[in-house]
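A quick write-up on the structure given underneath.
The values are calculated or read from the model by the stated rules, or taken from the named source; none is laboratory data. Just so we're clear, the structure is a prediction, and the values are computed from it rather than from any experiment. Neighbour counts are summed over all protein chains in view; Cβ atoms, including those assigned to glycine, are modelled from backbone coordinates with ideal geometry.
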Amino acid sequence: SADEVGKIAKSITVLIDSKEPGSGVIVKRNGNTYTVLSARHVFKDPQAKYEIVTPDNQRYLLNYSSVKKLPNIDLAVVEFTSSQTYSVAKIGNSDLATEGKAAYVAGFPKTSAAINTSIYNFTDGRITANASRPLEDGYALVYSNNTLPGMSGGPVLNENGEVVGIHGRADTRAAESSSINQDIQIAKTGFNLGIPINTSLRLLASSQVDLGVKVPSAPVATGPKADDFFIQGGEKSNKGDYQGARAAYNQAIQLNPNYADAYVNRGNAHSNLGDKQGAIADYNQALRINPNFVKAYNNRGVARDELGDKQGAIADYNQALQINPNDAEVYNNRGAARYELGDKQGAIADYNQALRINPNYALAYNNRGVARDELGDKQGAIADYNQALKINPNYAEVYSNRGNTRRALGDKQGAIADFDQALRINPNLADAYNNRGLTRKDLGNKQDAIADYNQALRINPNYALVYNNRGAARYELGDQQGAIDDYNQALRINPNNADAYYNRAAARRELGDKEGTISDFNRALQINPNFADAYLNRGMFRFGLKDYQGAIADYSQALRINPNYANAYFLRGNARADLEAYQAAIQDYQKAADLFQQQGDKGQYQYTLKMIQVARNLERDAPNRPISNNILSIYYSLIPGKSSVLPSDGSLYELHTFEGRAGQSVTINAESRNFDTSVALFSADGKKLAENDDISRSNTNSSLTVTLATSGLYVVRVNANKKGEQGQYTLTVR
């Protein structure tokens with residue numbers, strides 16, 4: 001049984017402790033001298049200190065000069081002396097380790113942030129190939145076990161607890177590779193490599209190393225078998241030659257039409273070449289051969305996810321976990337699919353499970369960090385990214401993701417430091433350039449931001465998001481046509497990019513393209529009916545066209561989506577005031593003021609209180625306004641207790657509004673016999689446009705002449721030049 005094999009393995013496996021540790025297996029005893037077989041690459045540093053740590057935790061210092069490295073094969077033999085009694089491995093026949101047979105690997109994973117001491121690890125799996133034509137360094141045995149760095153040199157055992165190979169290479173793939181705000185799923189390869197023990201014995205004998213075991217005769221040369229092509233396919237795939245890998249798997253399948261692993265790995269090659277449907281067809285075939293093949297369910301789930309079939313992917317992951325409830329990678333993948341469907345809490349639950357099974361899983365920490373960030377748990381996200389970087393200090397994507405979160409927390413310089421580090425590790429990480437560009441734009445460095453966006457687009461010319469971001473930077477620099485060109489590019493790549501339509505609408509508005517502006521807002525809202533900002537800005541544009549009812553409808557839609565949208569209440573109040581629906585306007589202003597206060601926006605809160613007073617004044621004055629050629633003509637008073645007080649000097653003031661047109665020249669006069677007047681003009685958003693306090697003149701009147709830049713609501717403030725002054729005044733705007 002697996003338990004019995006596990007006991008045997010634990011008694012014969014040793015830790016080779018060093019700066020870069022490995023494992024080994026005791027294969028011979030001669031008196032007090034024990035011989036250990038391991039991988040040659042474990043002993044690559046002549047300057048390092050090496051100790052053998054036996055199952056009873058005794059340490060034996062090795063003399064590096066005594067390490068015997070075998071030529072042309074990744075094997076090494078070392079010896080230690082002890083009066084203690086240790087078990088010696090029983091050697092099996094690796095020629096009998098054929099596809100489908102049980103395989104067990106033992107060893108000591110290297111330390112990490114999650115594992116601070118080398119703890120014995122025992123994994124089960126099965127043989128997937130035993131090639132007659134080995135790869136470089138003698139590798140010919142392939143098995144599906146989950147292995148970790150540090151287990152190199154450990155034994156591969158059969159179902160009888162006999163050593164049939166020496167483990168050397170782990171499953172290699174681009175596992176820890178993710179994009180900003182994208183979770184990564186892993187397609188399994190099951191391509192772990194070992195050197196068959198029969199090969200080891202023959203080479204040891206030729207190097208005058210006697211293990212006291214009969215050396216098997218060399219196999220009779222035959223034609224290539226399916227296993228040979230399978231192992232060639234795995235090696236080509238590891239080198240990125242997916243065309244060559246696919247061709248090798250074709251040969252393996254031709255020789256063995258029921259080779260489920262070959263179908264799965266050919267599916268992986270199809271997927272890497274962009275043929276997702278071809279990949280799914282191969283995974284389906286593997287599952288027809290072996291309905292309990294976890295790797296096939298997992299990889300089909302990844303392919304389905306990449307085709308947009310998230311529910312189909314989750315169904316595959318569920319099936320895989322039903323067969324093997326302890327597969328960390330499948331939990332990670334299901335978490336990624338749930339994240340993409342908007343189920344952030346479900347995603348985090350899956351990442352938690354993955355990390356419970358494998359506390360050393362940097363990718364799961366990264367993905368959980370992304371989900372936590374989007375749920376607003378920025379500090380939790382930072383903690384996850386920190387943990388991922390402890391496990392893998394060269395994980396460029398995690399630096400980029402942590403930089404994103406730091407940017408959101410306002411730590412712009414910390415964010416840039418993270419993006420810089422990500423780019424030092426991987427100079428071709430387009431996401432890091434994009435996000436550093438966003439941060440530089442936040443800091444006002446728009447030209448530097450554009451330089452970063454240019455770099456990102458050099459790496460990935462089809463990165464729609466970067467075109468959108470570069471367009472926004474160009475817009476802020478006043479290059480509206482350049483911005484529109486970028487938005488056009490973004491929309492060519494992704495015609496359903498609501499943000500690009502929204503941003504292009506703003507640029508078209510600045511260029512006076514009214515039809516194009518409305519068209520783009522409409523398209524953005526067609527793609528994303530819950531785009532509150534698009535409703536708000538279309539409402540503002542309609543307001544400028546004096547379509548007040550249309551503006552009110554848009555502001556109301558924005559509030560349906562986001563009931564706490566203070567600006568939407570404020571702007572709807574403006575539109576209602578222009579329609580002389582003053583009570584409704586006052587209600588909107590009051591709601592806006594409450595929200596601004598709750599949200600800590602003191603400036604907007606104070607300004608909105610003034611607009612409430614303006615609306616009340618307008619409601620009061622409306623029946624008494626004279627009909628004349630004046631835009632505005634009001635006879636009014638500054639009265640203590642009723643008029644407002646300027647915080648700067650304590651003088652009394654009142655606010656009045658009028659509608660102006662872009663390009664219109666207006667003259668504003670404030671006249672009084674009771675006090676020295678001051679008059680100021682503000683835009684609807686509170687920006688002071690002009691002021692005349694007339695303080696140097698002998699009379700008490702003040703006047704302004706201004707050419708209005710835009711159409712819309714304007715606010716006139718009339719106040720006394722000195723604290724304590726009061727009385728009646730006349731305000732005219734013509």
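Structure summary
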read-out	value
Test: residue in the stretch 452-474 that is of a type in the set (D, E, K, R) and part of a loop (DSSP other than H, G, I, E, B)	no
Some residue of the stretch 594-603 being out of contact with any Gly (no Cβ under 6 Å at 6 or more places or on another chain), in a loop (DSSP other than H, G, I, E, B), surrounded by 14 or more Cβ atoms within 10 Å (Cβ to Cβ) and modelled with pLDDT under 80	no
Checking residue 10 against (1) of a type in the set (D, E, K, R); (2) within 15 Å of residue 105 (Cβ to Cβ); (3) in a strand (DSSP E or B), the condition it does not meet	(3)
When residues of the stretch 652-670 are limited to those that are in contact (Cβ under 8 Å) with a residue 60 or more places away in the chain and farther than 20 Å from residue 616 by Cα, the one nearest to the chain's Cα centre (by Cα)	666
Flag for residue 132 being in contact (Cβ under 8 Å) with a residue 40 or more places away in the chain and surrounded by 14 or more Cβ atoms within 10 Å (Cβ to Cβ)	yes
Test: residue 488 is part of a helix (DSSP H, G or I) and either basic (Lys, Arg) or surrounded by fewer than 17 Cβ atoms within 10 Å (Cβ to Cβ) (or both)	yes
Criterion violated by residue 370 - all others in (1) closer than 28 Å to residue 500 by Cα; (2) in a helix (DSSP H, G or I); (3) free of Cβ contacts under 8 Å to residues at least 12 places away in the same chain satisfied	(3)
Residue in the stretch 92-101 that is farthest from residue 139 (Cα to Cα), counting only those that are buried (at least 17 other Cβ atoms within 10 Å of the Cβ) and out of contact with any helix residue (DSSP H, G or I) (no Cβ under 6 Å at 6 or more places or on another chain)	92
Residues being of a type outside the set (Gly, Ala, Ser) and in contact with a Pro (Cβ under 9 Å, 6 or more places away or on another chain) - total across the stretch 708-734	1
Restricting the stretch 634-651 to residues that are of a type in the set (Gly, Ala, Ser) and either more than 50 Å from the chain's Cα centre (by Cα) or outside the structural domain of residue 693 (by TED's automatic domain parsing) (or both), the residue that is modelled with the highest pLDDT	651
Selection status of residue 572, among the basic types (Lys, Arg) and under 33 Å from the mean Cα position of the chain (by Cα)	no
Residue among 123, 85, 128 that is in contact with a helix residue (DSSP H, G or I) (Cβ under 8 Å, 6 or more places away or on another chain) and of a type in the set (S, T, N, Q)	128
From 486, 547, 513, residue being within 28 Å of residue 709 (Cβ to Cβ), in contact with a Phe, Trp or Tyr (Cβ under 6 Å, 6 or more places away or on another chain) and of a type in the set (Asp, Glu)	486
Whichever residue in the stretch 575-593 is assigned to a helix (DSSP H, G or I) and of a type in the set (Asp, Glu) and, among such residues, is farthest from the chain's Cα centre (by Cα)	578
Spans of strands (runs of 3 or more DSSP E) in the stretch 41-157 with at least 1 residues in contact with a Lys or Arg (Cβ under 7 Å, 6 or more places away or on another chain)	51-53, 76-81, 102-107, 121-130, 141-143
Filtered residues of the stretch 31-55 (kept if under 13 Å from residue 78 (Cα atoms) and polar (S, T, N, Q))	33, 35, 38
Among the residues listed as 683, 672, 703, the single one being small (Gly, Ala, Ser), surrounded by 14 or more Cβ atoms within 10 Å (Cβ to Cβ), touching a Ser or Thr at 6+ places or on another chain (Cβ under 9 Å) and within 21 Å of residue 603 (Cβ to Cβ)	683
Residue, farthest from the chain's Cα centre (by Cα), within the stretch 172-202, restricted to residues that are modelled with pLDDT under 65 and charged (D, E, K, R)	188
Residue match in the stretch 684-694 (condition: assigned to a loop (DSSP other than H, G, I, E, B), without any contact (Cβ under 8 Å) to a residue 60 or more places away in the chain, closer than 19 Å to residue 649 by Cα and among the hydrophobic types (A, V, I, L, M, F, W, C))	no
Some residue of the stretch 416-429 being small (Gly, Ala, Ser), buried (at least 24 other Cβ atoms within 10 Å of the Cβ), within 17 Å of residue 448 (Cα to Cα) and in contact with a helix residue (DSSP H, G or I) (Cβ under 6 Å, 6 or more places away or on another chain)	no
Filter pass, residue 269 being of a type in the set (A, V, I, L, M) and either in a loop (DSSP other than H, G, I, E, B) or over 29 Å from the mean Cα position of the chain (by Cα) (or both)	no
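Conditions tested, residue by residue: (1) polar (S, T, N, Q); (2) surrounded by fewer than 16 Cβ atoms within 10 Å (Cβ to Cβ); (3) on the phi > 0 side of the Ramachandran plot; (4) assigned to a helix (DSSP H, G or I).
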| site | (1), (2), (3), (4) |
| --- | --- |
| 508 | no, no, no, yes |
| 512 | no, yes, yes, no |
| 515 | no, yes, no, yes |
| 523 | no, no, no, yes |
| 529 | no, yes, no, no |
| 550 | no, no, no, yes |
| 564 | yes, yes, no, no |
